[in-house]
Amino acid sequence: MAEDLEKLKQRLPLLEYLQQQHWSARSTSHGTEFVGLCPLHAETRPSFYVNARKNLFYCHGCGQGGDLIRFLELSRHLSFRQSLAYLAQQKAPALQAEVLEKAAAFYHQQLPHYPEALRYLQQRGVHDAALLHELQVGYAPGGNLRRHLTTAGYPLELLQHLGLVNLRGRDAFYRRVVNLYGRSLGSVFPHRFLPGSKGDLVAWESVRQFSQVILVEGLFDLAALWQAGFRNATCALGTHLTPAQFRQLSGPPGRRVYLAFDQGDHQAGQHAAQALAHRLQQQGLPVAIVDLPTGQDPNSYFVGGARAADFSLRLQGARPL
């Protein structure tokens, strides 16, 4: 309990919390110590000191002192347990994003050490090292992410809540090429997603400025298009968009969206493209469907020998609704 409490306080330092609450202070001659007006009582002469290194405060005016938990108890009139709950709630969204970022970076670091993963990427036509780094594509050998993250101080319960570790304490991704989505190197359960929202469209910050956007289903489709020079492509990790992803595509007026989905024999991708196209059109977006050869998606299209000029012709011939 004491160890978890200390980790929680370290993730939101006292000085950082006070600055978020608009506490104004100046540094003293010690460098790690700051002084300002006390937030706990009215005063005109600064007497509230914060030691950033020790994560402690003391006010020479009212005589109160302690750590972040004690400050919350005094300033918000909370009990010890209520202060813990408040602190956890304040840090939760940022902490979750931090853990996912750490997990993606860890898996990316593993990739060069596993020849089977590199061979798989070669088979999928993804060979640009700079692109792999940009998309943070990695490999999950299994059995080592939990140890890596818990050693770094992240609680097991949080890893389980995020879906990175299952209820038995094992890594959720095993022998998968991943980017917070896992594609199995085998044939059993080829796709695995983390629970919860899919978040933004992939690499949206680098795509949002384009007036024409190509939307694909999978990460390898996206990688294939980026390698071919189509940097206006993004990915929804599936054919269903969340409300937030719809809002992203609906950005500047007049944006045109090209749907390049799987043209499999079962026609599921084609039906999904039609349904999504109608929904986007209802949002006021001009939409066109890119026809690929039967049984192919953008990734397999390029793996099969297509060039950028070939896909450009497909875009020119895209069917508007």
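The values are calculated or read from the model by the stated rules, or taken from the named source; none is laboratory data. Worth saying up front: this structure is predicted, and the values here are computed from it rather than measured. When we count neighbours, we look across all protein chains shown, and the Cβ atoms used for this are built from the backbone with ideal geometry, even at glycine.
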Of all residues being modelled with pLDDT of 90 or more and part of a loop (DSSP other than H, G, I, E, B) in segment 137-156, which is surrounded by the most Cβ atoms within 10 Å (Cβ to Cβ)? Just the residue, please. VAL137
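Taking the options LEU180, LEU131, LEU185, LEU121, name whichever one is in contact with a Leu (Cβ under 7 Å, 6 or more places away or on another chain) and within 26 Å of CYS235 (Cβ to Cβ).
On the way: LEU131 fails: in contact with a Leu (Cβ under 7 Å, 6 or more places away or on another chain); LEU185 fails: in contact with a Leu (Cβ under 7 Å, 6 or more places away or on another chain); LEU121 fails: in contact with a Leu (Cβ under 7 Å, 6 or more places away or on another chain).
Among LEU180, LEU131, LEU185, LEU121, only LEU180 is in contact with a Leu (Cβ under 7 Å, 6 or more places away or on another chain) and within 26 Å of CYS235 (Cβ to Cβ).
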Among the numbered criteria (1) over 21 Å from LEU180 (Cα atoms); (2) of a type in the set (Gly, Ala, Ser); (3) surrounded by 14 or more Cβ atoms within 10 Å (Cβ to Cβ), which single criterion is violated by GLY218? (1)
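Of all residues in segment 285-321 being of a type in the set (D, E, K, R), part of a loop (DSSP other than H, G, I, E, B) and surrounded by fewer than 17 Cβ atoms within 10 Å (Cβ to Cβ), which is modelled with the highest pLDDT?
Here is the first cut: in segment 285-321, the ones of a type in the set (D, E, K, R) are 291, 297, 307, 310, 314, 319.
This time we only want the ones that are part of a loop (DSSP other than H, G, I, E, B), so: 291, 297, 307.
The next check asks that each one be surrounded by fewer than 17 Cβ atoms within 10 Å (Cβ to Cβ); those that pass are 291, 307.
Values: ASP291: 92, ARG307: 96.
The selected residue is ARG307.
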Picking from ASP291, ASP262, the residue that is in contact with a Gly (Cβ under 6 Å, 6 or more places away or on another chain), closer than 20 Å to GLY238 by Cα and among the charged types (D, E, K, R) would be ASP262
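One line per residue, one yes/no per condition, for (1) in a strand (DSSP E or B); (2) free of Cβ contacts under 8 Å to residues at least 60 places away in the same chain:
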residue	(1), (2)
LEU159	no, no
ARG168	no, yes
ARG183	yes, yes
ARG192	yes, yes
LEU201	no, yes
GLN209	no, yes
ASP221	no, no
HIS240	no, yes
Return the only residue of GLY305, GLY218 being at positive phi and not assigned by TED's automatic domain parsing to the domain that holds HIS127. GLY305
Among the residues of segment 157-174, which ones are surrounded by fewer than 16 Cβ atoms within 10 Å (Cβ to Cβ) and either of a type in the set (Phe, Trp, Tyr) or more than 12 Å from LEU145 (Cβ to Cβ) (or both)? GLU157, HIS161, LEU167, ARG168
Can you tell which of GLU116, GLU134 is under 20 Å from PHE220 (Cα atoms), charged (D, E, K, R) and surrounded by 13 or more Cβ atoms within 10 Å (Cβ to Cβ)? GLU134
Scan segment 8-31 residue by residue and report those that are under 28 Å from ALA85 (Cα atoms) and more than 33 Å from the chain's Cα centre (by Cα). ALA25
